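The values are calculated or read from the model by the stated rules, or taken from the named source; none is laboratory data. Just so we're clear, the structure is a prediction, and the values are computed from it rather than from any experiment. Ideal geometry is used to build each Cβ from the backbone, glycine not excepted, and the neighbour counts take in all protein chains shown. Surface areas here come from the heavy atoms of the whole protein model, side chains and all, with no ligands, DNA or RNA. Shrake-Rupley method; radii C 1.70, N 1.55, O 1.52, S 1.80 Å.
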Amino acid sequence: MTTVYDLDLGFSPDGDAVHPVDRVGTLPSLDAAKAAAEQEAGKPLQWRWMEARRVWRAEVGYQRAAEISEGTRVERIDVKAGLMG
């Protein structure tokens, strides 16, 4: 398994979580995810760790935020098939 970082950037009313429907992408490192968020936002962002939700979060604008969460990706699944007799 490989660690990946999911970047969500969008509507965040009153500081609530950004909905996964606003996913910008999945990136291979935290630094790459932060750089992608700043490119999407068009400006440098101030990141803070939110322990309760386990995300890195930056305010982008009025009721808009970027959030980065850590996940895993399975690289390969081996499957074998055979006849039952």
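Miscellaneous remarks
- Taken over segment 57-67, the residue count meeting the criterion of being farther than 9 Å from residue 9 by Cα and touching a helix residue (DSSP H, G or I) at 6+ places or on another chain (Cβ under 6 Å) is 1.
- Residue in segment 68-75 that is outside any strand (DSSP E or B) and of a type in the set (A, V, I, L, M, F, W, C) present: yes
Results for (1) touching a residue at least 40 places away in the same chain (Cβ under 8 Å); (2) under 14 Å from the mean Cα position of the chain (by Cα), shown as yes or no for each residue.
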position	(1), (2)
34	no, yes
41	no, no
50	no, yes
63	yes, no
72	yes, yes
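- Subset of segment 1-15 that is within 15 Å of residue 58 (Cβ to Cβ) and either at pLDDT below 95 or not in a strand (DSSP E or B) (or both) - its residue that is least open to solvent (accessible area, probe 1.4 Å): 12
- Residue count for segment 52-67 satisfying the condition of being open to solvent by 40 Å² or more (accessible area, probe 1.4 Å) and assigned to a strand (DSSP E or B): 3.
- The set of residues from segment 68-80 being open to solvent by less than 100 Å² (accessible area, probe 1.4 Å) and more than 30 Å from residue 15 (Cα to Cα) comprises just one member, 74.
- Qualifying residues in segment 20-51 (those that are in a loop (DSSP other than H, G, I, E, B) and farther than 21 Å from residue 72 by Cβ) - the one least open to solvent (accessible area, probe 1.4 Å): 45
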